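Peer 1: Would you mind keeping the following structure in view while I ask a few things?
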């Protein structure tokens with residue numbers, strides 16, 4: 001009898017990759033993967049424990065799974081991932097109904113618990129059928145940003161061998177994947193532990209040679225000591241998207257110092273200028289934290305001025321969340337009231353909406369290659385190299401051709417712009 005199994009994944013794309021690797025290891029003759037809500041023999045939860053909202057979502061999901069188990073809708077209940085890594089001592093006592101707990105670095109123990117001997121993490125069962133997939137090139141982080149709990153959840157930085165990543169890319173391409181989105185806690189750190197050098201540019205070159213791969217996109221790049229050869233790859237390799245996700249977090253020197261970001265405002269401005277100069281037309285995505293301890297109104301005003309000046313095509317922001325165990329929680333008082341944090345967040349995002357609309361309007365009348373992500377009645381949901389899935393806007397194309405499907409790549413002309421999304425028409 002095959003065991004019926006379902007995995008619920010919470011949190012970021014790195015967790016999605018972990019789930020897909022786990023599912024890819026399960027023998028088809030021993031497990032049936034269930035995607036719906038019907039009863040299962042085994043229910044697995046891959047949890048997130050990064051910030052307060054994510055922790056609350058994960059705890060609620062565990063409690064809902066416990067209720068499902070009580071109703072007889074799930075047999076064994078297994079919890080793994082960041083939340084159970086972070087609170088390994090507390091959770092089993094608080095939620096004894098869970099049958100087994102594992103951490104974020106325990107994929108092999110989870111598989112052995114299921115009766116499967118782990119193999120190389122190359123095979124994946126994609127949780128969605130689209131033209132893109134995430135490729136996790138390393139795990140953990142050696143940075144020590146004062147607000148971040150990731151290093152003691154995920155551990156030290158560990159690169160995935162290049163040969164294994166190329167093999168994984170080849171397997172994904174054979175299944176129709178055309179875009180690989182490179183992710184890690186810090187993609188620019190790739191290779192230092194294995195090859196004693198930064199090897200992201202070399203990895204991009206190796207991956208671009210995989211037949212079927214059309215786009216390579218870089219996420220989560222740390223700004224300090226950004227490698228020059230990666231800029232050259234973005235400028236010269238047509239498969240490397242002119243797009244960069246580079247979380248900057250702030251621009252004020254005192255705030256950056258308290259964050260332990262190892263850069264200052266002048267260096268950050270010079271980096272943005274260099275990115276714009278050396279990769280013409282690049283779309284930059286960043287994130288900012290507002291309300292960090294020590295962020296005065298003057299410092300926040302400097303952040304607003306910087307965002308006006310830099311004109312990021314994409315920008316996300318969130319309010320500071322004090323995380324136990326971090327340097328910030330132990331050394332700084334979270335003194336800024338929540339209503340002030342929210343007010344600053346609103347002002348920042350209102351400014352970014354104006355910038356995003358202006359950037360989008362400048363694209364009206366231009367032509368670009370897009371990937372189809374989804375087909376709805378009368379409309380195709382698409383993206384160009386300047387939009388990343390799930391976090392950026394979309395290009396909405398009406399009256400798509402018959403037979404057009406997710407993963408297809410076609411050319412469109414941009415016809416209209418809104419604050420975040422664009423409209424386009426197919427070009428014959």
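Peer 1: All but one of (1) more than 22 Å from residue 142 (Cα to Cα); (2) surrounded by fewer than 18 Cβ atoms within 10 Å (Cβ to Cβ); (3) in contact with a helix residue (DSSP H, G or I) (Cβ under 7 Å, 6 or more places away or on another chain) hold for residue 269; which doesn't?
Peer 2: With (1) more than 22 Å from residue 142 (Cα to Cα); (2) surrounded by fewer than 18 Cβ atoms within 10 Å (Cβ to Cβ); (3) in contact with a helix residue (DSSP H, G or I) (Cβ under 7 Å, 6 or more places away or on another chain) applied to residue 269, the lone miss is (3).
Peer 1: Shifting gears a bit: Report whether or not residue 172 is in a strand (DSSP E or B), crowded, with 18+ Cβ neighbours inside 10 Å, on the phi < 0 side of the Ramachandran plot and not assigned by TED's automatic domain parsing to the domain that holds residue 18.
Peer 2: The answer is no for residue 172.
Peer 1: Which numbered condition trips up residue 207, out of (1) in contact with a helix residue (DSSP H, G or I) (Cβ under 7 Å, 6 or more places away or on another chain); (2) surrounded by 21 or more Cβ atoms within 10 Å (Cβ to Cβ); (3) closer than 30 Å to residue 333 by Cα?
Peer 2: Residue 207 satisfies every listed condition except (3).
Peer 1: Okay, next question. Any idea which of (1) closer than 30 Å to residue 319 by Cα; (2) assigned to a helix (DSSP H, G or I); (3) at pLDDT 95 or above is the one residue 153 doesn't satisfy?
Peer 2: With (1) closer than 30 Å to residue 319 by Cα; (2) assigned to a helix (DSSP H, G or I); (3) at pLDDT 95 or above applied to residue 153, the lone miss is (3).
Peer 1: What number of residues within the range 234-254 satisfy the criterion of being within 15 Å of residue 385 (Cα to Cα) and either within 19 Å of the chain's Cα centre (by Cα) or in contact (Cβ under 8 Å) with a residue 24 or more places away in the chain (or both)? Walk me through it before giving the result.
Peer 2: So the first thing to find is which residues in the range 234-254 are within 15 Å of residue 385 (Cα to Cα), and the list is 234-245.
Now drop any that are not either within 19 Å of the chain's Cα centre (by Cα) or in contact (Cβ under 8 Å) with a residue 24 or more places away in the chain (or both), which leaves 234-235, 237, 239-245.
Of the residues in that region, 10 qualify.
Let's see how each residue does on (1) under 27 Å from residue 132 (Cβ atoms); (2) outside the structural domain of residue 154 (by TED's automatic domain parsing); (3) modelled with pLDDT under 90:
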residue: 9; (1), (2), (3): yes, yes, no
residue: 15; (1), (2), (3): yes, yes, no
residue: 22; (1), (2), (3): yes, yes, no
residue: 52; (1), (2), (3): no, yes, yes
residue: 62; (1), (2), (3): no, yes, no
residue: 65; (1), (2), (3): no, yes, no
residue: 88; (1), (2), (3): no, yes, yes
residue: 94; (1), (2), (3): no, yes, no
residue: 98; (1), (2), (3): no, yes, no
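Peer 1: Can you find a residue that is within 13 Å of residue 18 (Cβ to Cβ), surrounded by 18 or more Cβ atoms within 10 Å (Cβ to Cβ) and within 18 Å of the chain's Cα centre (by Cα) anywhere in the range 107-120?
Peer 2: Looking for residues that are within 13 Å of residue 18 (Cβ to Cβ), surrounded by 18 or more Cβ atoms within 10 Å (Cβ to Cβ) and within 18 Å of the chain's Cα centre (by Cα), one finds none in the range 107-120, hence no.
Peer 1: Considering only the range 201-250, state which residues are modelled with pLDDT of 95 or more, out of contact with any strand residue (DSSP E or B) (no Cβ under 7 Å at 6 or more places or on another chain) and in a loop (DSSP other than H, G, I, E, B).
Peer 2: 209, 210, 211, 212, 237, 238 - these are the residues of the range 201-250 that are modelled with pLDDT of 95 or more, out of contact with any strand residue (DSSP E or B) (no Cβ under 7 Å at 6 or more places or on another chain) and in a loop (DSSP other than H, G, I, E, B).
Peer 1: Moving on. If residue 142 passes every condition in (1) outside the structural domain of residue 319 (by TED's automatic domain parsing); (2) surrounded by fewer than 19 Cβ atoms within 10 Å (Cβ to Cβ) but one, which one does it miss?
Peer 2: For residue 142, the failing item is (1).
Peer 1: Restricting the search to the range 369-386, which residues are closer than 17 Å to residue 284 by Cβ and either in contact with a helix residue (DSSP H, G or I) (Cβ under 9 Å, 6 or more places away or on another chain) or in contact (Cβ under 8 Å) with a residue 40 or more places away in the chain (or both)? If you could, list the steps in order and put the result at the bottom.
Peer 2: We begin by selecting, within the range 369-386, every residue closer than 17 Å to residue 284 by Cβ; these are 383-386.
Result: 385, 386.
Peer 1: Identify, by number, the condition in (1) touching a residue at least 60 places away in the same chain (Cβ under 8 Å); (2) in a loop (DSSP other than H, G, I, E, B); (3) more than 17 Å from residue 294 (Cβ to Cβ) that residue 312 doesn't meet.
Peer 2: (1)
Peer 1: From the list 62, 78, which one is under 27 Å from the mean Cα position of the chain (by Cα), part of a strand (DSSP E or B) and under 17 Å from residue 7 (Cα atoms)? Can you show your working first?
Peer 2: On the way: 62 fails: part of a strand (DSSP E or B).
Being under 27 Å from the mean Cα position of the chain (by Cα), part of a strand (DSSP E or B) and under 17 Å from residue 7 (Cα atoms) holds for just one of 62, 78, which is 78.
Peer 1: Taking the range 176-189 as the region of interest, how many residues are in contact with a strand residue (DSSP E or B) (Cβ under 8 Å, 6 or more places away or on another chain), in a loop (DSSP other than H, G, I, E, B) and more than 18 Å from residue 262 (Cα to Cα)? Write out each step before concluding.
Peer 2: Our first condition is that a residue be in contact with a strand residue (DSSP E or B) (Cβ under 8 Å, 6 or more places away or on another chain); within the range 176-189, this holds for 177-187, 189.
Filter once more, so that each one left must be in a loop (DSSP other than H, G, I, E, B): 177-178, 184-186.
Narrowing further to those that are more than 18 Å from residue 262 (Cα to Cα): 177-178, 184.
So the count comes out to 3.
The values are calculated or read from the model by the stated rules, or taken from the named source; none is laboratory data. For clarity, every value in this text was computed on a predicted model and none was experimentally measured. Methodologically, a virtual Cβ is constructed for each residue, glycine included, from the backbone with ideal geometry; neighbour enumeration extends over all protein chains shown.
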